1. If contacts are Cα pairs under 8 angstrom and at least 6 residues apart, what is the relative contact order of the range 143-306 in percent?
2. Cα axis of helix 227-239 to longest principal axis of the chain: angle in degrees, 0 to 90, nearest 10?
3. For the chain, which whole percent of the accessible surface, found with a 1.4 angstrom probe, sits on carbon and sulfur atoms?
4. For a quick check, take a GNM of the chain with Cα springs below 10 Å and name the residue from TYR179, TYR236, TYR277 with the largest mean-square fluctuation.
5. Would you kindly derive the ³J(HN,Hα) couplings of the range 48-58 from the backbone phi angles with the Karplus curve 6.51 cos²θ - 1.76 cosθ + 1.60 (θ = phi - 60°), listing them in order in whole Hz, with x for Gly and Pro?
6. In sequence order, what are the phi-derived ³J(HN,Hα) couplings for the range 96-102 according to the Karplus relation 6.51 cos²θ - 1.76 cosθ + 1.60 with θ = phi - 60°, rounded to whole Hz, with x for glycine and proline?
7. If each residue of separation counts as 0.36 nm, what is the full-extension length gain between GLN187 and GLU46 once their alpha-carbon separation is subtracted?
8. Taking amide hydrogens as modeled 1.01 Å from N in the peptide plane, which residues meet the under 5 Å criterion relative to ASN204, leaving out close sequence neighbours?
Amino acid sequence: MDYILGIETSCDETAAAVVDTSGLIYSNIIASQIDTHKDYGGVIPELASRLHVEAINITIEQALQKAAKTMTDISAIAVTQGPGLLGALLIGLQAAKTLAYIHQKPLIAVNHLEGHIFANFVADKHTGLPEPGGRPAQAPCPFLCLIVSGGHTQIVLAPEAGVYQTVGQTIDDAAGEAYDKVARILQLGYPGGPLVDRLAQSGNPDALKFSKARIRAPESEFDFSFSGLKTSVLNYHRKYPEAKPADICAAFQKTAVDMLLENTLAAAELYNVQHIYLAGGVAANHTLRRTLTAESAKQGRQAHIPELALCTDNAAMIAGAAIHKWQKKEFAGLNIQARPGWELGYGTRL
Ligand code: KG4
Ligand code: ZN
């Protein structure tokens, strides 16, 4: 069996993992910086870089140790090349290049968003795969994936693993960003997504109503806009300061999830795909998970959702996305540079 060491440092988690080339996770270590950044209400790039420097070596060591592997057992090193914060990406890349050079292992450059997609195709060695047959070699292509993270909101169509056509994307805020901003408006804390999600569970989604943004241009019928929704929440909160935060969260969440699902399900119909995947930090959202599963089933389609722990940034998903590249021997040179604005989309053969 071949083992891939994955390294992820694109934002505020220093992460390393060992995954075998069938998609089983042997270790998945995450050193989170959230406690530091939350004092500032968001990620401070300079601080993130410094904390990655402090944590990277120990995180990689722990990943190898927990997997009971040494560098001799590792067949390739996969690292996030982008998108993300430049100073943060550089730390993971430097660590990966150094290990690849010293131990003479191939380096695999991974797009962070493709990593999120592959959170669907890896699973813990002990618990097994959530869906047998869902491994990379057998990914049921074509499939559609809704990627919803802090920086991106995008629907991609994958005719095969590694080839992605963007069929819809946000024209302003990402879904996670909207969640974080609503949490800031309501002074709930950071990161806001999980806090809004939790509070929304005890609120009444029909106590008030926010309207959905629709983008009517035919060439962008599956695009999203979340900036207006965020402003509506701000205006409502200012106008009705006595309104229950739980109701505001529930109504916001209902609208945001409806917008995400409407476009995703319409795209699934147009492209006639049977399998709809969910990926990215917002995939941890309870309402989104539940509603996507139910609505897809109504259309006769199957929704696939990563395990909760694999939705937010981690390195197992990065190693997972490297498996098809390992099989095709798509290796990177040691001179690769960070790509902070690397888009995942058509023409990008990853
Ligand atoms: O994918 P991710 O870990 O980092 C990026 O690549 O951006 O996503 C982080 C985003 C944050 O905006 C966070 O608030 C959001 O995912 N998030 C959630 C939930 N858990 C995390 N949003 C809604 N509901 C959640 N349960
Ligand atoms: Zn992410």
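1. Numbers: 305 pairs, mean separation 44.8, N = 164.
About 27 percent, as a whole number.
2. The answer is roughly 50 degrees.
3. Values: 7590 of 14770 Å².
Taking all protein chains in place, the chain shows 51 percent carbon and sulfur surface.
4. TYR236
5. Ordered by residue, 3J(HN,Hα) equals 4, 4, 4, 5, 4, 4, 5, 9, 4, 5, 5 Hz.
6. Computed from phi, the couplings for the range 96-102 are 5, 5, 4, 5, 5, 6, 5 Hz.
7. Working: separation 141, 0.36 × 141 = 50.76 nm, distance 2.44 nm.
Between GLN187 and GLU46, full extension yields an extra 48.3 nm.
8. Amide H neighbours of ASN204: ASP247.
The values are calculated or read from the model by the stated rules, or taken from the named source; none is laboratory data. On a predicted model such as this, the values are computed, not experimentally measured, just so you know. No Cβ is skipped: glycine too gets one built from the backbone with ideal geometry, and neighbour counts run over all protein chains shown. Accessible surface areas use protein heavy atoms only, side chains included; no ligands, DNA or RNA. Shrake-Rupley method; radii C 1.70, N 1.55, O 1.52, S 1.80 Å.
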